Amino acid sequence: MPEAGEGTVPQPGRDDGAARFVSGSILRHVVVMSATGSVGLMAIFAVDLLSLFYVSKLGDPALTAAVGFASIVQFFAIAINIGLMIAAGALVSRAIGAGDPAGGRRIATSVTVHCLIASALLAALLIALLDPLLSAIGAEGHTLDVAKRYLWISLPSNLLLGPGMLFTGLLRAVGAAREAMLVTLGGAVITIFVDPLLIFGFGLGVDGAALAVCVARVTFIAVGWAGVRRYRLLEAPRLDAILGDLPLVTRIALPAVLTNLAPSVASAFVAHALSGFGPPAIAGNVVIDRLAPVAFCGLFAMSGSIGPILGQNWGAGRFDRMRGVLRVGAGVTALYVVVVWLLLALARTPLAGAFELEGVAADLFGFFCLVSGPVWFFNGLLFLANASFNNLGFPFLSTLLNWGRATLGTVPPALAGAAWYGPEGVIAGTGIGSVAFGVAGLALAFRTVGRLERGVGTEGAAALDPPAADEAVQAAPSSGMSL
């Protein structure tokens, strides 16, 4: 196999440093990047679901609920990692599209150091605040104790998860979709064998599930490091570059973090609302939270995969192709959701039985399967919009939409649904809230591309020297779309 170029993806018949997404079929780029991303994400989410399946077989709904509460706290840490991954992907892909691989390596190295520091600090902060955080979302008694123990074991491994996630973003930024997929797939395959061994073989129960998370993250960063080394995406860190790039990275990472914290807050509120209906309702919601990412992982993968495609085409000034990416993304979203919705509706009863769900828990899960299609279609449109805003210099639009959905689109309808229809009303209320924000997000994404085309020339986004990149990131105020 040919040697990797300086931070680029080697391709037969093309010069090193060429951007692979600025020509060829848009549909093919979107499908290939999304499909490979889906395999990796499917592996992570499926193993997560399998771990919950093993915990459910322990025969105590309180343990299932505890894992759910712990997962909500975990995602506050993951949101920070996602923000840094988005920043790295956006800036590095823009550099590749503009023909500046050296600038891309500098940014990639700086963000890696930023990520290591942030991951360690955040894990320490969350561990210190476990009691008030878990109590605020409804954990109490035995459930609270189990959730705390799970997090004491698994949270320190965020120091590995953060850089591991970042490496997948860097690999996708240069079009190395297969290598990015192997990062997540490697950790998932290892966990498939470790999880039941620790939970049942060594009799560790929920503690074993937490230890399996740590093992997966060790594999995650090891495979990711091999990938970024292969494509020479990092260089020796320099203090001046690390400090100098911090404002540039923060301008994208901060709003991306705020954006990704919104779903965590919404999930915490939903868990709190359902806690009033007892542990069975919480257990049913935990299975929903774990199954939904598996079923709809293609939407998560697509939103992460179109960022580099948009970034490279923006760097090359191909606004026509940028609009094409949005149109193709919306079409693929619709087709994917219809297929998954049908499968969930048909399989709802055996799935509920497999996870030992009965009574309220089974009813809540079955209701979700029947209404999930429309809800996730509009969620998918919002994901698509988020990827556009984060990669095109308008990250605070993504923040505004996501927090709007997490507050106005979640709290009032969930409370009304709980009062009128019980646990099912909570799920229905949050689903209704997704409609307006999904439609508004996609419309604003098309409008954003149009404004960039009218107000930013190819030169405005071409270079990734610190001053030029800074101007590109701050495109929102100059386009009249500041928040």
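Values in this text are rule-based calculations from the coordinates and carry no lab data. What you are looking at is a predicted structure, and each value in this text was computed from that prediction instead of being measured. Positions of Cβ are generated from backbone atoms using ideal geometry, with glycine treated the same way; all protein chains shown enter the neighbour counts.
Using the Cβ-Cβ distance between L121 and V31 with R0 set to 56 Å, the FRET efficiency from 1/(1 + (r/R0)^6) comes to roughly 0.90.
Per-residue 3J(HN,Hα) values for the stretch 304-321, derived from phi via the Karplus relation 6.51 cos²θ - 1.76 cosθ + 1.60 with θ = phi - 60°, read x, 7, 6, x, x, 5, 5, x, 5, 6, 5, x, 8, x, 9, 6, 4, 6 Hz in sequence order (x marks Gly and Pro). The relative contact order of the stretch 169-235 comes to 38 percent, based on Cα pairs under 8 Å that sit 6 or more residues apart. Taking a ≥ b ≥ c as the square roots of the eigenvalues of the Cα gyration tensor, the stretch 128-210 is classed as oblate, since a/c reaches at least 1.5 and a/b does not exceed b/c.
When Rg and Dmax of the Cα atoms in Å is computed from the coordinates, the matching label among (i) 21.6, 64; (ii) 21.1, 69; (iii) 29.4, 95 is (i). The order of the peptides 251-262, 405-416 by mean Cβ neighbours within 10 Å, most packed first, is 251-262, 405-416. Need one word for the stretch 238-359: rounded, prolate or oblate. Basis is the Cα gyration tensor (sqrt eigenvalues a ≥ b ≥ c); a/c below 1.5 gives rounded, then a/b vs b/c decides. Note, shape of the stretch 238-359 comes out oblate. Among residues other than A70 with Cβ under 11 Å from its Cβ, the summed charge is +2 (Lys and Arg +1, Asp and Glu -1). Summing +1 for each Lys or Arg and -1 for each Asp or Glu among the other residues whose beta-carbon sits under 15 angstrom from that of N379 gives 0. Neighbours of L52 by Cβ distance under 14 Å: Lys/Arg scored +1, Asp/Glu scored -1, total -3. The relative contact order of the chain, computed from alpha carbon pairs under 8 Å that lie at least 6 residues apart in sequence, is 23 percent. Placing +1 on the Cβ of every Lys and Arg and -1 on the Cβ of every Asp and Glu, with nothing else charged, gives the chain a dipole about its Cα centre of roughly 960 debye. Relative to its Kirkwood radius, the Cα radius of gyration of the stretch 338-416 gives an Rg/Rh of 1.11.
In order along the stretch 398-412, the phi-based Karplus estimate (6.51 cos²θ - 1.76 cosθ + 1.60, θ = phi - 60°) of 3J(HN,Hα) comes to 4, 4, 4, 5, 5, 6, x, 5, 6, 10, 5, x, 10, 5, x Hz; Gly and Pro are listed as x. Placing a pseudo-label 7 Å from each Cα along the Cα-to-Cβ vector at A345 and A226 gives an inter-label distance of 4.4 nm. Adding -39500 (n - 2.57) for every DSSP H run of four residues or longer, then dividing by how many residues the chain holds, sets the calculated 222 nm ellipticity at -28000 deg cm²/dmol. For the stretch 440-446, 3J(HN,Hα) computed residue by residue from phi via the Karplus equation (6.51, -1.76, 1.60; θ = phi - 60°) reads 4, x, 5, 4, 5, 5, 5 Hz, glycine and proline entered as x. Counting 0.36 nm for each residue step from A436 to A236 and taking away their Cα separation leaves a gain of 67.4 nm.
Using a/c under 1.5 as the rounded threshold, could you call the stretch 169-269 rounded, prolate or oblate? The axes a ≥ b ≥ c are square roots of the C-alpha gyration tensor eigenvalues, and prolate needs a/b larger than b/c, oblate otherwise.
Here the stretch 169-269 falls in the oblate category.
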